[in-house]
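Shown next, in C-alpha cells, is the structure this report addresses.
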Amino acid sequence: MVWGAIADDFTGATDLANNLTRAGMRTVVVVGVPHGEEEIAADAVVIALKSRTIPAQEAIEQSIAACRWLRRKGASHIYFKICSTFDSTPHGNIGPVASALMEELKVRFSIVCPAFPDNERFVFQGYLFTGEVLLSEGSMRNHPLTPMSDANLVRVLQAQLFLSERVGLVNHRYVGASTEAISRCIAELRSQELSLAIADATTQGDLERLAEALKDDLLITGSSGLGQTLPAVYGFRPSASVSQLPAAGGRAAILSGSCSSATNAQVRYFLAQGGEAFPLDPDAIVEDPAGQINSALAWADSVAASDPSRSILIYSTADPATVKTVQLRLGAAKIGHLVEECLASIARGLVSGGVGRLIVAGGETAGVCVRNLDIRRLAIGPQIDPGVPWCYASSAVSSQGGLHVALKSGNFGSEDFFIRAFTFLEETQS
Ligand code: ADP
C-alpha cells in the first residue's frame, strides 16, 4: 500500500475512494479504525470515521488511531479528507485534528486545501466560494450542525487552533503560476514559522500543480478534489481493471432517509415511473417502530413473491416543510435518530432476506445501515454519478456472503439515479 486516508465522514470516504479508483488506485474503504492487523491488498486505504461533529478530543483520538494503523500497514502518505465546504465549527474539528496529525507525524508545516473546482468549490485569496456565491452567503450558512458564517478559511482555521499555530495562505498568484512558485511560497511560509496554510485553487490545473508540489508531503488535508489529482503524481494511470467488482446477484432495493432536494426529486421520479415503493410514516415509527419495520419487510416480501426482478424503494424522504413540521412536533434529533434506526433495521431484514444490490440515500442513513449490516470494508467499483460508486462489501448478514451497495450522499445523483444505477451495474458486468 502506498497511500492512507482518514475521512471525517462516511459518504466523504466513498467519494474520495471513488476518485482515487477512477485515477487508477485499487482502493478499499475500511469502516472505522480496525481492531486487528489484517493485511489489505490495495494501493490506497481510506478509513471512514464519523468524526466531523463529535467533540474535538474524540475526533483527535479516532484520527490518531487511524493514522497509527495506516502507518503500521506501511502508508507512506496520510491524507486527512475533509468536506469541500469546510464543514466545521469554531471548536473544530479540522484544525485540532490536522494539528494532532502533524504532531503525530512530526510534521512542522502542512497544507489544507478544500477546493474542488469540478464540483464548483473554489478557494481564492483564502475565501471559499460555492459556485459564484461566498460560502457564508449560501445554504451552508444555515447548516444545522456546521453553519459556515465566515468564508475566510484562514480566519476559520486559525480560530480552531492555538494562536501559536499560525495559519497562512498559498496565494493564487503562486498556485496559478507553477509548481516551483508554490514550493517557493511554502518555503517562505515555513521560514516565517507558520504551521499551516490554506491553498488557493480555482481550476483543475491549480490542483494538479499543488499535487506536484506536495507529492512528498507526509500529511495533506483536503477534499476529494485534491485527492483525485494525487494518484497521477504517484505514477498511477486510470485503468478499468481497478474498479472491477464480483458478479452482482440477489434482489434490488433502495432505502432512502435523505430529505435533500436531489433525493426528493429522485423519489418523485421513481414513483412517477411506476416504481414499487413503501413510504415510512414518522409518526408510526415513533409509536411502534417494530410495527413499521415489520410492515415494510412484509410488503417487500410480497413484491418479491410476485416479481423478484422488480427493484423496490422504502423511503422516509419528505419535503422540507413536512420535515420541519415533524421536527417541531417530535424534536429534530429524536425523529432523525428513530428514522435512521428504522431504516437500518429494514436494511438488515432486506439483506438477510435476499437483497444483494442495495442503494442507500443519505449520509447519516448510510452510516447506520452500513453498521447494521456489519460491513467492515468496501471495495470500490465503477462510478454511477459523480461521487457515487457501486461498491462490494462482505457481510455476514447477507444470505450470499456479501452485497453490492451504493451510498448516495443526499444531494448527489441525477433525477433517474434510482433506476439507472441498477441498469448501469448490469451493463458494467456484461
Ligand atoms: P443527507 O445526506 O440528505 O443529509 P442524511 O441521511 O445524512 O441525509 O440525513 C437525513 C436525516 O433526516 C436523517 O437523520 C434521517 O433520519 C432524517 N429523516 C429522514 N426522513 C425524515 C422525515 N420524514 N422527517 C424527519 N426526519 C427525517
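The values are calculated or read from the model by the stated rules, or taken from the named source; none is laboratory data. In this text, all values refer to a predicted model and were calculated from it rather than measured experimentally. Reconstructed Cβ throughout: ideal geometry from the backbone, glycine too, with neighbour counts over all protein chains shown.
Go through 354, 401 for me and flag whichever is surrounded by fewer than 24 Cβ atoms within 10 Å (Cβ to Cβ), at pLDDT 95 or above and over 26 Å from residue 268 (Cβ atoms). Walk me through it before giving the result.
Values: 401 fails: at pLDDT 95 or above.
The unique qualifying residue is 354.
Look at residue 36 and say whether it is over 21 Å from residue 15 (Cα atoms), buried (at least 16 other Cβ atoms within 10 Å of the Cβ) and not charged (D, E, K, R). Can you show your working first?
Values: over 21 Å from residue 15 (Cα atoms): yes; buried (at least 16 other Cβ atoms within 10 Å of the Cβ): no; not charged (D, E, K, R): yes.
For residue 36, the condition - over 21 Å from residue 15 (Cα atoms), buried (at least 16 other Cβ atoms within 10 Å of the Cβ) and not charged (D, E, K, R) - is not met.
Inside segment 68-122, can you point out the residues that are surrounded by fewer than 20 Cβ atoms within 10 Å (Cβ to Cβ), of a type in the set (D, E, K, R), touching a residue at least 12 places away in the same chain (Cβ under 8 Å) and closer than 23 Å to residue 32 by Cα?
Correct list: 68, 71, 72, 73, 104.
Does residue 89 meet the test of being of a type in the set (Val, Ile, Thr) and more than 15 Å from residue 158 (Cβ to Cβ)?
On the way: of a type in the set (Val, Ile, Thr): yes; more than 15 Å from residue 158 (Cβ to Cβ): no.
So residue 89 fails the test.
Is one or more of the residues making up segment 234-255 on the phi > 0 side of the Ramachandran plot and of a type outside the set (A, V, I, L, M)? Write out each step before concluding.
First, the residues of segment 234-255 that are on the phi > 0 side of the Ramachandran plot: 235, 250.
Applying the additional criterion that residues be of a type outside the set (A, V, I, L, M) yields 235, 250.
There is at least one residue in segment 234-255 that is on the phi > 0 side of the Ramachandran plot and of a type outside the set (A, V, I, L, M).
Go through (1) farther than 19 Å from residue 313 by Cα; (2) within 16 Å of the ligand (Cβ to nearest atom) one by one and return the number of the condition residue 411 breaks.
Looking at each condition in turn, residue 411 falls short on (1).
Restricting the search to segment 229-288, which residues are touching a strand residue (DSSP E or B) at 6+ places or on another chain (Cβ under 9 Å) and surrounded by fewer than 17 Cβ atoms within 10 Å (Cβ to Cβ)?
Once the filter is applied, which keeps residues that are touching a strand residue (DSSP E or B) at 6+ places or on another chain (Cβ under 9 Å) and surrounded by fewer than 17 Cβ atoms within 10 Å (Cβ to Cβ), segment 229-288 yields 240, 244, 246, 249, 271, 275, 279.
Can you tell me how many residues in segment 157-181 are assigned to a loop (DSSP other than H, G, I, E, B) and either of a type in the set (Gly, Ala, Ser) or surrounded by 15 or more Cβ atoms within 10 Å (Cβ to Cβ) (or both)? Before you say what the answer is, go through the steps one by one.
At the first step, the residues of segment 157-181 found to be assigned to a loop (DSSP other than H, G, I, E, B) are 160-166, 171, 176-178.
Okay, now just the ones that are also either of a type in the set (Gly, Ala, Ser) or surrounded by 15 or more Cβ atoms within 10 Å (Cβ to Cβ) (or both), so 160-161, 164-166, 171, 176-178.
Final tally of qualifying residues: 9.
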